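Here is the structure we will look at, set down as structure tokens.
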Amino acid sequence: MREAVRGDLVHIIELYRQLNPQDSVLTDETAQATFDEIMENHWLHLFVLEDKGRVESTCYLSCTPNLTRSARPFGVIENVVTDEQSRGRGFGKRVVKHALDVAWGHSCYKVMLLTGSKKDTTHDFYRSCGLSGNKKRGYVMYYDTSEIQR
């Protein structure tokens, strides 16, 4: 388990294609610029779990400074994905646990995660990581990208 490094980007993008196959393909320049921005910010973390030299799982942690809760930050975990061929081996749970540990190391008072999955197995997985779906209710709005010129 470790923070991602420059050579991991191509593998992370491959995992993200499994997570969101409908997404448009990023240009190499956009992917690299965004990756560099994440790597340069100490509040942002992109983790990978490598097994036998291969990136098998990843997740993203964003910690946000905050003026409530005694100025303790909060964390958001996103983009949790394990390679389809490697699921069920504990990689996802390890990467989420690591993200939680890093969030606690930043003194986050809470960590949030949203999932659009309707699968019971997905919700069972997040509960097995110690997350609760009963404490708060999440609301989401997406920007309408149909107006963006490509």
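Details
- Accessible area per residue, Å², the chain with all protein chains present, probe 1.4 Å: 69
- Sequence ranges 60-69, 30-39, ranked by mean other-Cβ count within 10 angstrom, highest first: 60-69, 30-39
- Once the Cα-Cα distance is subtracted from the 0.36 nm per residue extended length, the His42 to Arg89 segment shows a gain of 13.9 nm.
- Surface composition of the range 31-150: carbon and sulfur atoms hold 49% of the protein heavy-atom accessible area at a 1.4 Å probe.
- Dividing the mean sequence gap of close Cα pairs (under 8 Å, 6+ apart) by how many residues the range 2-105 holds gives a relative contact order of 25 percent.
- Stretched out straight at 0.36 nm per residue, the stretch from Lys97 to Leu114 would grow longer than its current Cα-Cα span by 4.5 nm.
- Value of [θ]222 nm, deg cm²/dmol, for the chain, DSSP H segments ≥ 4, -39500 (n - 2.57) each, nearest 500: -10000 deg cm²/dmol
- Annotation: amide H-H contacts under 5 Å for Val111 (H modelled 1.01 Å from N, sequence separation of 5 or more, or interchain): Gly75.
The values are calculated or read from the model by the stated rules, or taken from the named source; none is laboratory data. As the structure is a prediction and not an experimental result, all values here were calculated from the model. No Cβ is skipped: glycine too gets one built from the backbone with ideal geometry, and neighbour counts run over all protein chains shown. Quick note on the areas: whole protein, heavy atoms, side chains included, nothing else; ligands and nucleic acids left out. Shrake-Rupley method; radii C 1.70, N 1.55, O 1.52, S 1.80 Å.
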